[in-house]
Each structure stands twice: as C-alpha cells, then as structure tokens.
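Novice: This is the structure I have questions about; it appears just below.
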Amino acid sequence: MTMDVLITGGCGFIGSNFVRFILNAREDVRLVNIDNLTYAGNLANLDGMEGGFADRYHFIRGDICDPFCVKGLFERFQIRWVIHFAAESHVDRSILGPEAFIRTNVLGTFHLLETARNIWLQKDGSYPPDRRFLHISTDEVFGSLGDSGLFTEESPYDPSSPYSASKAAADHLARAYFRTYRLPVIMTHSSNNYGPYQFPEKLIPLMIQNARKGIELPVYGDGGNVRDWLYVEDHCRALLRVLEKGRPGETYNVGGMAEKRNSEVVELICEYLDRKLGIRGEGPRTKLIRFVLDRPGHDRRYALDTSKIRKELGWEPTMKFEQGIRTTIDWYLENTRWVEGILDGSYREYYAKQYGQRLGPQ
Ligand code: NAD
Ligand code: DAU
C-alpha cells in the first residue's frame, strides 16, 4: 500500500536532499512536492527524479500562500504526512527585504495548517491516527548564546532577524494548532545544515565558490561567530525518525554537535582547496579572506542540546565535520555546471547589493 506524503519546498536545499532520501528509504511513499521555484528552488536539484521514481514522485509548481492550490492537493491526493520545508531561508535577504519572509513563512504556514485541519478532521472531532504535520524550524528562533550553554527544546524564543522572527511566528501558529485543535503537529529545530545542493549565497557554498575562483572571501565582523554544523543527510535521517517515532505535540532539537567559528570554517575550505587544486600564483587562498562590516543583529553563537532526540528516538549525527566539509567541497568541484546554471542575473544583483559596500570597489 502506498502512502501519500506532501512535501513543501522540495526543490530547495534540504527539501531536495530529503526527496531523494525518503524515496530511497521508504518504498511505500508516494511524494507530492509543492514548490513555487523562487530563486532558491531549482528543478535541477532533482534532475532525473521524475524518470527514476516516475510513479512515486509528483512535482506541482504552486505557492503555499495560495489556499486554493493547497486545498486542491489535499483533495487530489490522500495526504497522510505533511513535511513543511518551504520558506524564505536566508537571513541577509530578510534584512534587505523582510516582506517575502512574512508572507511565505507565516501566511504560507497558516494556510497549510488550516487546510490540513479542515481536510483531516473527522466527524467525531478527532484525526486519523496516522496523520502527521512536521513543521521544520530552526535553532535561530532562540536568539543568541554566549560562550557557553546550549538551547534546549524549552529555551525561550528570542529571534534577532526578520527571518528568525518569521520562523518564530510560524512555530507559534504550529504549536497553537496542536493545543487548540489537536492537529498532530511535530516540530524540529535544526542547526546549520551543509552539503550538496545548497544555494551558493550561504556561508559554506559561497566560500567554496569564491575560493575556487580566487574572489575575496567576505567574513562578517571578527569571524568569531559560532554555528553548529549538521550534514544534510544526517538531518534527513532525523526527520524520518521523527515522523515514524516522534510524538504529536512534541518538539525535537536536531544538531550536528560540530561547533565551529566562521573563520575556522573558511580557513578549512581554503586549505582543502589549496591541497586539491594547488596554491594559486597569488599565494594561499586564506589571503582572500576579508573581515567586512558585520551583519546587523548578528547572533554570536548557536548550539543545541540534542539529548531528547538521542534518548527518545535513538538518533545521532554520524558525519564528522572534517569529513563532511571535504565531501561537500568535492561535490561542488564536481558540479560546477549545477552552480553556474542556478546563478542568474538576479543573484549577481543580490551579490552586488549585499557585498558591494562591504568589499569596496572591485
Ligand atoms: P531553501 O531556501 O534552500 O529552500 C526553500 C524552498 O522553498 C525553495 O525550493 C523555494 O522555492 C521554496 N519556497 C519558498 N517560498 C515558497 C512558497 N511561497 N510556496 C512554495 N514553495 C516556496 O531552504 P533550506 O535551506 O532548504 O531550508 C528548508 C527549511 O529548513 C526552511 O524552513 C528553513 O527555515 C529550515 N532550516 C534550514 C536550515 C539550514 O541550515 N538551511 C537550518 C534549520 C532550519
Ligand atoms: O541555524 C540555522 C539557520 O542556519 C537556518 O535557519 C537558516 O535558514 C540558514 O540560512 C542558516 O542561517 P545562518 O545565518 O547561520 O547561515 P549563513 O550561511 O547565512 O551564515 C552562517 C554564518 O556565516 C553566520 O554567522 C554569518 C556568516 N557569514 C555568512 C555569509 C553569507 C559570513 O561571515 N559571510 C557571508 O558572506
């Protein structure tokens, strides 16, 4: 028996990795992927999917903010699980223009919750026991940590950017739908993901791209901000475990247990590229590092306490950062055509706006 699963934002970075992961892991799943293909969503991320999994994968180009489109999907398919990735996800873009973040992250989440509630609700006021609404959130909703401590699932919300504030608003809605309507919502907070198919505006792929091409490497502030890096496949495994074994109404932290300062990450990338491609005539790639104007409201450190998901669901990350970063760099070096293919004129405009003044005249 196949089971219909709705994934939102499946053409983005984590979503596309998850599409591949679940179709391989669960032969009983038929996947419906709704994505409106923003600059961050690319069909090239799922090349070959409709051929390879023809009868188990359906792509619908649609907007989660369109309630008629979302309702139509629930009517056409027997959706049992919703896995909600779709979002505007880049902090720097949220600072340049917050409106799209409020629209997709808050309003889009609302329409999904509301449609799932209306369609799944039975006459006796309950939901069929196999229904799940997995809301994918982030550690950024908790704000910033000092030099020590970890965020637990109970840490208070304290978002700093329009992006994290919009994710926090969506989380509150998702939790309210569980408390008020008993909609079987489960939530995850994950730390920074890295791996194949990440759009090159985020730290790791941006630095790989620039360092490969010999372009300056813009590190914000003093480079001492810390992120906890999670390999995307470890994240996908955690999400499937949460869907299969997690309890509705619960929240689970998913962290990589790999805290690194940004400058450390950039240096690692430079050193590995020097070894792989050889040192450039101008010298080691670390010479390309520029400490530039800081991100406004820049959170200093994120780190997650993952004991709940370890104890309750038996999940833990398996990829060590030192290996994961090499695998990721190798992937980007082997897939330069993918990178060039997804970067259009609008990305160049964004890059000029974001980094123009920070780096000065080129
Ligand atoms: P991404 O930006 O790479 O992809 C987002 C996808 O959503 C794109 O395919 C885009 O086209 C789609 N989308 C955007 N607006 C839409 C709309 N209105 N309707 C339909 N589709 C729409 O994001 P990502 O990095 O893969 O992140 C996925 C989710 O995971 C997000 O909810 C994000 O907040 C969360 N998250 C990401 C990270 C990370 O490190 N990347 C960490 C923690 C949580
Ligand atoms: O923590 C989870 C979050 O991780 C997710 O919710 C977000 O969707 C995801 O984008 C990511 O947010 P960050 O802001 O941490 O990721 P980003 O890759 O943009 O930046 C990582 C760190 O690197 C951050 O401290 C800012 C810094 N940075 C980033 C860029 C793009 C630089 O120093 N220079 C840069 O050019």
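The values are calculated or read from the model by the stated rules, or taken from the named source; none is laboratory data. These figures come from a predicted structure and were not determined experimentally. Glycine gets a Cβ as well: all are built from the backbone with ideal geometry, and neighbour counts include every protein chain shown. Just the protein is used for accessible areas: all its heavy atoms, side chains included, with ligands, DNA and RNA removed. Shrake-Rupley method; radii C 1.70, N 1.55, O 1.52, S 1.80 Å.
Novice: Amide H to amide H under 5 Å from Trp315: which residues, 5+ apart in sequence or cross-chain, H placed 1.01 Å off N in plane?
Specialist: Arg310
Novice: Follow-up question, since we're still on this one. Counting alpha carbon pairs within less than 8 Å and at least 6 residues apart, what relative contact order, in whole percent, applies to the chain? Kindly include the intermediate steps, with their values, before the conclusion.
Specialist: Numbers: 637 pairs, mean separation 61.1, N = 362.
Relative contact order for the chain comes out at 17 percent.
Novice: Determine, at each q value in 0.15, 0.19, 0.20 (inverse angstroms), the log₁₀ of I(q)/I(0) that the Debye formula gives when each Cα of segment 178-296 is one equal point scatterer.
Specialist: -0.76, -1.01, -1.07
Novice: Something else about it: Taking loop as defined by DSSP and a crowding limit of 16 other beta carbons within 10 Å, which trypsin sites (Lys or Arg not before Pro) in segment 263-362 fit? Spell out each step's value before the answer.
Specialist: Working: sites: Arg275, Lys276, Arg280, Arg285, Lys287, Arg290, Arg300, Arg301, Lys308, Arg310, Lys311, Lys320, Arg326, Arg337, Arg348, Lys353, Arg358; in loops: Arg300, Lys320.
In loop regions of segment 263-362 (DSSP not H, G, I, E or B), the sparsely surrounded trypsin sites (Lys or Arg not before Pro) are Arg300, Lys320.
Novice: Which of rounded, prolate or oblate describes segment 5-85 when judged by the alpha-carbon gyration tensor and an a/c cut-off of 1.5?
Specialist: Cα axes put segment 5-85 in the oblate bin.
Novice: Quick check: the distance between the Cα centres of segment 304-362 and segment 195-235, to the nearest angstrom?
Specialist: Cα centroid to Cα centroid, the span is 5 Å.
Novice: Give the total of Lys-Lys pairs in the chain with Cα-Cα distances below 15 Å; include a pair only if its members are 8 or more places apart or on different chains.
Specialist: 5
Novice: Still on this structure, please answer the following. Calculate the FRET efficiency for Thr180 and Glu271 from the Cβ-Cβ distance with a Förster distance of 41 Å, rounded to the nearest 0.05.
Specialist: 0.20
Novice: Continuing with the same structure: With a 1.4 Å probe and every protein chain left in place, work out the accessible area per residue of the chain in Å², rounded to a whole number. Each step should come with its number before you reach the end.
Specialist: Numbers: 15420 Å² over 362 residues.
Roughly 43 Å² per residue, with all protein chains present.
Novice: For a quick protection proxy, order the peptides 190-199, 55-64 by their average other-Cβ count within 10 Å, most packed first.
Specialist: 190-199, 55-64
Novice: In the neighborhood of Leu243, defined by Cβ-to-Cβ distances under 14 Å, what is the net charge if each Lys or Arg adds +1 and each Asp or Glu adds -1?
Specialist: Summing Lys and Arg as +1 and Asp and Glu as -1 gives +2.
Novice: If you take the square roots of the eigenvalues of the alpha-carbon gyration tensor of segment 47-103 and sort them as a ≥ b ≥ c, do you get rounded (a/c under 1.5), prolate (a/b over b/c) or oblate?
Specialist: oblate
Novice: Determine the shape class of segment 63-180: with a ≥ b ≥ c the square roots of the Cα gyration tensor eigenvalues, call it rounded for a/c under 1.5, and otherwise prolate if a/b is greater than b/c, oblate otherwise.
Specialist: Because a/c hits 1.5 or more and a/b fails to exceed b/c, segment 63-180 counts as oblate.
Novice: When the dipole is taken about the Cα centre of the chain, and only Lys, Arg (+1) and Asp, Glu (-1) are charged at their Cβ, what size is it in debye, to the nearest 20? Kindly include the intermediate steps, with their values, before the conclusion.
Specialist: Numbers: 46 positive and 48 negative charges, 37 e Å.
So the magnitude is around 180 debye.
Novice: In the Gaussian network model of the chain, springs joining C-alpha atoms below 10 Å, which of Glu114, Glu75, Glu233 carries the largest mean-square fluctuation?
Specialist: Glu75
Novice: If you don't mind, there's one more thing I want to ask. How high is the relative contact order of segment 1-130, in percent, counting Cα pairs under 8 Å that sit 6 or more residues apart?
Specialist: Relative CO of segment 1-130 lands at 27 percent.
Novice: I'd like the FRET efficiency for Arg280 and Tyr220, computed as 1/(1 + (r/R0)^6) with the beta carbon distance as r and R0 of 30 Å, rounded to 0.05.
Specialist: After rounding to 0.05, the efficiency reads 0.80.
Novice: Next up: Over the chain, with a Gaussian network built from C-alpha contacts below 10 Å, which listed residue (Thr115, Thr336, Thr251) shows the highest mean-square fluctuation?
Specialist: Greatest mean-square fluctuation among the candidates belongs to Thr336.
Novice: Let me ask you something else. Which trypsin sites (Lys or Arg not before Pro) in segment 97-166 pass both tests, a DSSP loop state and at most 11 other beta-carbon atoms within 10 Å? Spell out each step's value before the answer.
Specialist: Numbers: sites: Arg103, Arg117, Lys123, Arg131, Arg132; in loops: Lys123, Arg131.
Passing sites in segment 97-166 are Lys123.
Novice: Which is farthest toward the positive dipole end of the chain among His235, Tyr181, Ile325, measuring Cα position about the Cα centre, with Cβ charges +1 (Lys, Arg) and -1 (Asp, Glu)?
Specialist: It is Tyr181.
Novice: Using a 10 angstrom cutoff on alpha carbons, build the Gaussian network for the chain and name the most mobile of Val292, Val185, Val232.
Specialist: Of the options given, Val292 has the highest mean-square fluctuation.
Novice: Please give the Cα centre distance for segment 244-282 versus segment 1-74, rounded to the nearest Å.
Specialist: Here the answer is 26 Å between Cα centres.
Novice: Ok, one more. For Arg326 paired with Asn118, estimate the spin-label separation in nm (one decimal), with each label point 7 Å from Cα along the Cα-to-Cβ line.
Specialist: 5.3 nm
Novice: What order do you get for 167-175, 8-16 when each peptide is scored by the mean count of other beta carbon atoms within 10 Å, highest first?
Specialist: Result, highest mean first: 8-16, 167-175.
Novice: Segment 246-287: which GluC sites (Glu not before Pro) are DSSP loop and have at most 10 other beta-carbon atoms within 10 angstrom?
Specialist: Working: sites: Glu250, Glu259, Glu264, Glu267, Glu271, Glu282; in loops: Glu250, Glu282.
Loop-located and lightly packed - Glu282.
Novice: Now for a different question. State the percentage of accessible surface on the chain attributable to carbon and sulfur atoms; use a 1.4 Å probe and exclude ligands, DNA and RNA.
Specialist: 50 percent
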